[in-house]
1. Give the residue, chosen from Ala81, Ala25, that is buried (at least 17 other Cβ atoms within 10 Å of the Cβ), within 30 Å of Lys184 (Cβ to Cβ), among the aliphatic types (A, V, I, L, M) and at pLDDT 95 or above.
2. If you check every pair at least six apart or on different chains, which have Cβ atoms under 6 Å apart with a residue in the range 262-279 that is closer than 13 Å to Leu152 by Cβ and touching a residue at least 24 places away in the same chain (Cβ under 8 Å) first and a residue that is assigned to a helix (DSSP H, G or I) and among the hydroxyl-bearing types (Ser, Thr, Tyr) second?
3. Name every residue in the range 165-178 that is over 22 Å from His251 (Cβ atoms) and touching a residue at least 40 places away in the same chain (Cβ under 8 Å), in order of residue number.
4. Look through Ala155, Ala216, Ala201 and report the one residue that is under 22 Å from Phe35 (Cα atoms) and of a type in the set (Gly, Ala, Ser).
5. Can you find a residue that is of a type in the set (A, V, I, L, M, F, W, C), closer than 30 Å to Ala98 by Cα and crowded, with 24+ Cβ neighbours inside 10 Å anywhere in the range 140-156?
6. Of these, Leu132, Leu94, which one is surrounded by 16 or more Cβ atoms within 10 Å (Cβ to Cβ) and out of contact with any Ser or Thr (no Cβ under 8 Å at 6 or more places or on another chain)?
7. Just to be sure I understand the filter: pairs with C-beta atoms under 9 Å, separated by 6 or more residues or on different chains, first member in the range 245-256 and modelled with pLDDT of 80 or more and among the aliphatic types (A, V, I, L, M), second member buried (at least 20 other Cβ atoms within 10 Å of the Cβ) and assigned to a strand (DSSP E or B). Which pairs pass?
8. Which condition breaks for Ala34 when tested against (1) buried (at least 18 other Cβ atoms within 10 Å of the Cβ); (2) modelled with pLDDT of 95 or more?
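The values are calculated or read from the model by the stated rules, or taken from the named source; none is laboratory data. Bear in mind that the values here come from a model prediction, so they are computed numbers and not experimental data. Neighbour counts run over all protein chains shown; Cβ positions are idealised from the backbone, glycine included.
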Amino acid sequence: MTSTIAVSNTPNRKANDLPIRLLGAALFVVPFIAFAWLGGWWFTGFILLAVGITTHELIGLLRRSKHAPSRVIMALAGLIAFAYVRMPGLPFLLTATALSLLGSLAWQLRNPIDRPLSDWALAIAGGAYLGLTGGHLAAVREFPNGLWWLTLTCAATWITDSGAYFVGRRFGRHKLSPRISPGKSVEGYLGGLVTATVAGALIGQFSPLGIVVGIAGGLLVGALSVLGDLIESLFKRQANIKDSGTLIPGHGGVFDRIDSLLWAGVIIYHLYIVTTFLH
(Lines give C-alpha, C1' and ligand atoms only; values in the text may rest on other atoms or scores of the structure.)
Protein backbone atom coordinates (compact mmCIF):
# COMPACT_ATOMS: atom_id res chain seq x y z
CA MET A 1 0.00 0.00 0.00
CA THR A 2 1.19 3.46 -0.74
CA SER A 3 3.69 4.87 1.76
CA THR A 4 1.66 3.81 4.75
CA ILE A 5 4.56 3.37 7.18
CA ALA A 6 5.17 7.07 7.38
CA VAL A 7 7.83 9.06 9.17
CA SER A 8 6.46 12.00 11.08
CA ASN A 9 8.14 14.71 9.01
CA THR A 10 7.33 13.34 5.54
CA PRO A 11 6.60 16.47 3.44
CA ASN A 12 4.02 14.97 1.11
CA ARG A 13 1.73 13.91 3.97
CA LYS A 14 -0.87 16.61 4.68
CA ALA A 15 -3.10 16.92 7.70
CA ASN A 16 -6.24 16.33 5.63
CA ASP A 17 -4.95 13.13 4.02
CA LEU A 18 -6.68 10.87 6.54
CA PRO A 19 -10.34 11.57 5.57
CA ILE A 20 -9.50 11.04 1.90
CA ARG A 21 -7.68 7.80 2.68
CA LEU A 22 -10.60 6.56 4.77
CA LEU A 23 -13.03 7.32 1.94
CA GLY A 24 -10.80 5.57 -0.59
CA ALA A 25 -10.41 2.56 1.70
CA ALA A 26 -14.20 2.32 2.09
CA LEU A 27 -14.70 2.35 -1.68
CA PHE A 28 -12.59 -0.81 -1.87
CA VAL A 29 -13.30 -2.48 1.47
CA VAL A 30 -17.11 -2.33 1.35
CA PRO A 31 -17.48 -4.27 -1.94
CA PHE A 32 -14.64 -6.57 -0.86
CA ILE A 33 -16.55 -7.50 2.31
CA ALA A 34 -19.79 -7.95 0.37
CA PHE A 35 -18.26 -10.35 -2.14
CA ALA A 36 -16.28 -12.12 0.60
CA TRP A 37 -19.55 -12.76 2.44
CA LEU A 38 -21.08 -14.22 -0.74
CA GLY A 39 -17.99 -16.38 -1.29
CA GLY A 40 -17.65 -18.93 -4.10
CA TRP A 41 -17.40 -17.60 -7.61
CA TRP A 42 -18.67 -14.19 -6.51
CA PHE A 43 -15.53 -13.61 -4.48
CA THR A 44 -13.29 -15.33 -7.01
CA GLY A 45 -14.68 -13.07 -9.74
CA PHE A 46 -14.10 -9.98 -7.62
CA ILE A 47 -10.47 -10.93 -6.96
CA LEU A 48 -9.97 -11.80 -10.62
CA LEU A 49 -11.28 -8.35 -11.57
CA ALA A 50 -8.92 -6.72 -9.06
CA VAL A 51 -6.00 -8.72 -10.47
CA GLY A 52 -7.01 -7.69 -13.99
CA ILE A 53 -6.99 -4.00 -13.07
CA THR A 54 -3.69 -4.47 -11.25
CA THR A 55 -2.24 -6.10 -14.37
CA HIS A 56 -3.25 -3.03 -16.38
CA GLU A 57 -1.56 -0.80 -13.81
CA LEU A 58 1.61 -2.90 -13.77
CA ILE A 59 1.80 -2.69 -17.56
CA GLY A 60 1.63 1.10 -17.21
CA LEU A 61 4.43 1.15 -14.65
CA LEU A 62 6.67 -1.05 -16.81
CA ARG A 63 6.02 1.04 -19.91
CA ARG A 64 6.94 4.19 -18.03
CA SER A 65 10.18 2.36 -17.22
CA LYS A 66 10.91 2.07 -20.97
CA HIS A 67 9.81 -1.55 -21.27
CA ALA A 68 7.11 -2.83 -23.60
CA PRO A 69 5.62 -6.06 -22.20
CA SER A 70 2.63 -7.43 -24.06
CA ARG A 71 -0.69 -6.78 -22.33
CA VAL A 72 -2.13 -9.98 -23.82
CA ILE A 73 0.77 -12.17 -22.70
CA MET A 74 0.76 -10.77 -19.17
CA ALA A 75 -3.01 -11.21 -18.86
CA LEU A 76 -2.80 -14.78 -20.18
CA ALA A 77 0.07 -15.64 -17.80
CA GLY A 78 -1.94 -14.18 -14.94
CA LEU A 79 -5.06 -16.17 -15.78
CA ILE A 80 -3.14 -19.44 -16.00
CA ALA A 81 -1.27 -18.79 -12.74
CA PHE A 82 -4.56 -17.86 -11.03
CA ALA A 83 -6.18 -21.06 -12.29
CA TYR A 84 -3.33 -23.23 -11.00
CA VAL A 85 -4.08 -22.12 -7.44
CA ARG A 86 -7.83 -21.53 -7.47
CA MET A 87 -8.82 -24.25 -9.96
CA PRO A 88 -5.99 -26.81 -9.94
CA GLY A 89 -8.19 -29.58 -11.37
CA LEU A 90 -9.20 -27.58 -14.43
CA PRO A 91 -9.00 -29.83 -17.54
CA PHE A 92 -6.18 -29.15 -19.99
CA LEU A 93 -4.53 -26.63 -17.66
CA LEU A 94 -1.07 -28.07 -18.32
CA THR A 95 -1.76 -28.07 -22.07
CA ALA A 96 -2.86 -24.44 -21.95
CA THR A 97 0.26 -23.53 -20.00
CA ALA A 98 2.65 -25.24 -22.39
CA LEU A 99 0.99 -23.91 -25.54
CA SER A 100 0.74 -20.39 -24.13
CA LEU A 101 4.37 -20.37 -23.05
CA LEU A 102 5.69 -21.64 -26.38
CA GLY A 103 3.26 -19.59 -28.44
CA SER A 104 4.00 -16.34 -26.64
CA LEU A 105 7.74 -16.91 -27.02
CA ALA A 106 7.40 -17.72 -30.73
CA TRP A 107 5.36 -14.53 -31.11
CA GLN A 108 8.48 -12.52 -30.25
CA LEU A 109 10.04 -13.62 -33.54
CA ARG A 110 7.90 -11.09 -35.35
CA ASN A 111 10.04 -8.31 -33.86
CA PRO A 112 13.55 -9.64 -33.21
CA ILE A 113 14.94 -6.26 -32.08
CA ASP A 114 14.21 -3.81 -29.26
CA ARG A 115 14.53 -6.27 -26.36
CA PRO A 116 11.78 -8.75 -27.27
CA LEU A 117 13.02 -11.42 -24.84
CA SER A 118 13.22 -9.10 -21.83
CA ASP A 119 9.76 -7.73 -22.58
CA TRP A 120 8.42 -11.29 -22.91
CA ALA A 121 10.05 -12.28 -19.61
CA LEU A 122 8.56 -9.25 -17.86
CA ALA A 123 5.09 -10.10 -19.19
CA ILE A 124 5.34 -13.72 -18.04
CA ALA A 125 6.85 -12.88 -14.65
CA GLY A 126 4.47 -10.00 -13.96
CA GLY A 127 1.42 -12.05 -14.90
CA ALA A 128 2.60 -15.04 -12.88
CA TYR A 129 3.26 -12.87 -9.82
CA LEU A 130 -0.18 -11.27 -9.81
CA GLY A 131 -2.01 -14.44 -10.84
CA LEU A 132 -0.39 -16.68 -8.24
CA THR A 133 -0.83 -14.26 -5.37
CA GLY A 134 -4.38 -13.38 -6.40
CA GLY A 135 -5.25 -17.05 -6.77
CA HIS A 136 -4.05 -17.73 -3.22
CA LEU A 137 -6.19 -14.90 -1.87
CA ALA A 138 -9.29 -16.20 -3.68
CA ALA A 139 -8.61 -19.79 -2.56
CA VAL A 140 -8.43 -18.83 1.14
CA ARG A 141 -12.19 -18.19 1.08
CA GLU A 142 -12.80 -21.81 -0.04
CA PHE A 143 -11.23 -23.41 3.03
CA PRO A 144 -13.38 -24.90 5.78
CA ASN A 145 -14.22 -21.86 7.93
CA GLY A 146 -12.95 -19.91 4.94
CA LEU A 147 -14.66 -16.69 5.93
CA TRP A 148 -12.73 -16.72 9.22
CA TRP A 149 -9.45 -17.45 7.43
CA LEU A 150 -10.14 -14.58 5.05
CA THR A 151 -11.06 -12.33 7.97
CA LEU A 152 -7.69 -13.12 9.55
CA THR A 153 -5.96 -12.39 6.23
CA CYS A 154 -7.63 -9.05 5.65
CA ALA A 155 -7.82 -7.80 9.24
CA ALA A 156 -4.14 -8.52 9.87
CA THR A 157 -3.18 -6.75 6.63
CA TRP A 158 -5.34 -3.68 7.11
CA ILE A 159 -4.54 -3.33 10.80
CA THR A 160 -0.84 -3.66 9.98
CA ASP A 161 -1.32 -0.79 7.54
CA SER A 162 -3.24 1.37 10.02
CA GLY A 163 -0.98 0.63 12.98
CA ALA A 164 2.09 1.38 10.91
CA TYR A 165 0.58 4.61 9.60
CA PHE A 166 -0.33 6.04 13.01
CA VAL A 167 2.75 4.82 14.89
CA GLY A 168 4.99 5.98 12.04
CA ARG A 169 3.43 9.45 11.98
CA ARG A 170 3.85 9.84 15.74
CA PHE A 171 7.13 8.09 16.47
CA GLY A 172 8.83 7.42 13.14
CA ARG A 173 12.48 8.42 13.12
CA HIS A 174 14.49 5.60 11.51
CA LYS A 175 13.79 4.89 7.87
CA LEU A 176 13.01 1.31 6.97
CA SER A 177 14.00 1.34 3.30
CA PRO A 178 15.15 4.82 2.33
CA ARG A 179 16.15 3.99 -1.24
CA ILE A 180 12.90 2.23 -2.15
CA SER A 181 10.27 3.90 0.03
CA PRO A 182 11.66 6.77 2.12
CA GLY A 183 8.31 7.41 3.85
CA LYS A 184 8.44 4.15 5.81
CA SER A 185 9.98 3.89 9.25
CA VAL A 186 11.22 1.08 11.46
CA GLU A 187 8.97 2.35 14.24
CA GLY A 188 5.97 2.19 11.93
CA TYR A 189 6.89 -1.34 10.90
CA LEU A 190 7.08 -2.46 14.53
CA GLY A 191 3.80 -0.73 15.31
CA GLY A 192 2.12 -2.58 12.47
CA LEU A 193 3.64 -5.87 13.61
CA VAL A 194 2.31 -5.46 17.16
CA THR A 195 -1.19 -4.39 16.11
CA ALA A 196 -1.44 -7.23 13.60
CA THR A 197 -0.41 -9.80 16.20
CA VAL A 198 -2.96 -8.48 18.71
CA ALA A 199 -5.67 -8.46 16.05
CA GLY A 200 -4.78 -12.01 15.04
CA ALA A 201 -4.97 -13.16 18.65
CA LEU A 202 -8.43 -11.62 19.08
CA ILE A 203 -9.74 -13.15 15.85
CA GLY A 204 -8.33 -16.54 16.81
CA GLN A 205 -9.78 -16.37 20.30
CA PHE A 206 -13.32 -15.61 19.11
CA SER A 207 -13.37 -17.89 16.06
CA PRO A 208 -12.95 -21.59 15.27
CA LEU A 209 -9.34 -20.94 14.24
CA GLY A 210 -7.98 -20.81 17.79
CA ILE A 211 -5.70 -18.29 19.45
CA VAL A 212 -2.44 -19.98 18.42
CA VAL A 213 -3.35 -19.88 14.73
CA GLY A 214 -4.59 -16.31 15.13
CA ILE A 215 -1.35 -15.15 16.71
CA ALA A 216 0.73 -16.98 14.09
CA GLY A 217 -1.31 -15.49 11.25
CA GLY A 218 -1.19 -11.97 12.65
CA LEU A 219 2.53 -12.18 13.37
CA LEU A 220 3.42 -13.57 9.92
CA VAL A 221 1.24 -11.10 8.03
CA GLY A 222 2.51 -8.19 10.13
CA ALA A 223 6.12 -9.23 9.55
CA LEU A 224 6.00 -10.14 5.86
CA SER A 225 3.14 -8.38 4.08
CA VAL A 226 5.15 -5.14 4.01
CA LEU A 227 7.36 -6.86 1.41
CA GLY A 228 4.46 -6.71 -1.04
CA ASP A 229 4.29 -2.97 -0.41
CA LEU A 230 8.03 -2.56 -0.91
CA ILE A 231 8.02 -4.59 -4.12
CA GLU A 232 5.31 -2.40 -5.59
CA SER A 233 7.27 0.65 -4.43
CA LEU A 234 10.25 -0.73 -6.35
CA PHE A 235 8.15 -0.82 -9.53
CA LYS A 236 6.99 2.75 -8.90
CA ARG A 237 10.49 3.96 -8.07
CA GLN A 238 11.75 2.56 -11.36
CA ALA A 239 8.86 4.24 -13.21
CA ASN A 240 9.43 7.49 -11.26
CA ILE A 241 5.76 7.71 -10.29
CA LYS A 242 4.01 8.01 -6.91
CA ASP A 243 0.93 5.80 -7.45
CA SER A 244 0.11 2.90 -9.76
CA GLY A 245 -3.16 4.57 -10.77
CA THR A 246 -5.88 7.02 -9.74
CA LEU A 247 -8.90 4.77 -9.27
CA ILE A 248 -9.05 4.89 -5.44
CA PRO A 249 -8.96 8.33 -3.76
CA GLY A 250 -6.13 8.68 -1.25
CA HIS A 251 -4.60 5.34 -2.25
CA GLY A 252 -3.92 5.62 -5.97
CA GLY A 253 -4.57 2.47 -7.95
CA VAL A 254 -5.83 -0.98 -7.11
CA PHE A 255 -2.24 -2.25 -6.98
CA ASP A 256 -1.56 0.35 -4.27
CA ARG A 257 -4.52 -1.02 -2.29
CA ILE A 258 -3.83 -4.76 -2.58
CA ASP A 259 -0.03 -5.01 -2.79
CA SER A 260 0.29 -6.23 0.81
CA LEU A 261 -2.99 -8.15 0.74
CA LEU A 262 -1.71 -10.33 -2.10
CA TRP A 263 1.23 -11.39 0.03
CA ALA A 264 -1.02 -11.93 3.04
CA GLY A 265 -3.19 -14.29 0.99
CA VAL A 266 -0.17 -16.47 0.21
CA ILE A 267 0.94 -16.41 3.86
CA ILE A 268 -2.43 -17.44 5.28
CA TYR A 269 -3.03 -20.04 2.55
CA HIS A 270 0.16 -21.87 3.49
CA LEU A 271 -0.41 -21.36 7.21
CA TYR A 272 -3.66 -23.28 6.68
CA ILE A 273 -1.75 -26.03 4.82
CA VAL A 274 0.76 -26.33 7.67
CA THR A 275 -1.86 -26.36 10.42
CA THR A 276 -3.88 -28.97 8.53
CA PHE A 277 -0.78 -31.16 8.16
CA LEU A 278 0.08 -30.83 11.86
CA HIS A 279 -3.41 -31.89 12.87
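1. Step by step, each of Ala81, Ala25 is checked, and only Ala81 is buried (at least 17 other Cβ atoms within 10 Å of the Cβ), within 30 Å of Lys184 (Cβ to Cβ), among the aliphatic types (A, V, I, L, M) and at pLDDT 95 or above.
2. Ala264/Thr153; Ala264/Thr157; Gly265/Thr153; Ile268/Thr153
3. Hits for the range 165-178 are Phe171, Arg173.
4. Working: Ala216 fails: under 22 Å from Phe35 (Cα atoms); Ala201 fails: under 22 Å from Phe35 (Cα atoms).
Only one candidate qualifies: Ala155.
5. To start, the set of residues in the range 140-156 that are of a type in the set (A, V, I, L, M, F, W, C) comprises 140, 143, 147-150, 152, 154-156.
Applying the additional criterion that residues be closer than 30 Å to Ala98 by Cα yields 140, 143.
The next check asks that each one be crowded, with 24+ Cβ neighbours inside 10 Å; those that pass are 140.
Yes, there is a match, as at least one residue in the range 140-156 is of a type in the set (A, V, I, L, M, F, W, C), closer than 30 Å to Ala98 by Cα and crowded, with 24+ Cβ neighbours inside 10 Å.
6. None of the other options fit; the residue is Leu132.
7. Matching pairs, first to second residue: Val254/Ile248.
8. Here Ala34 clears every test but (1).
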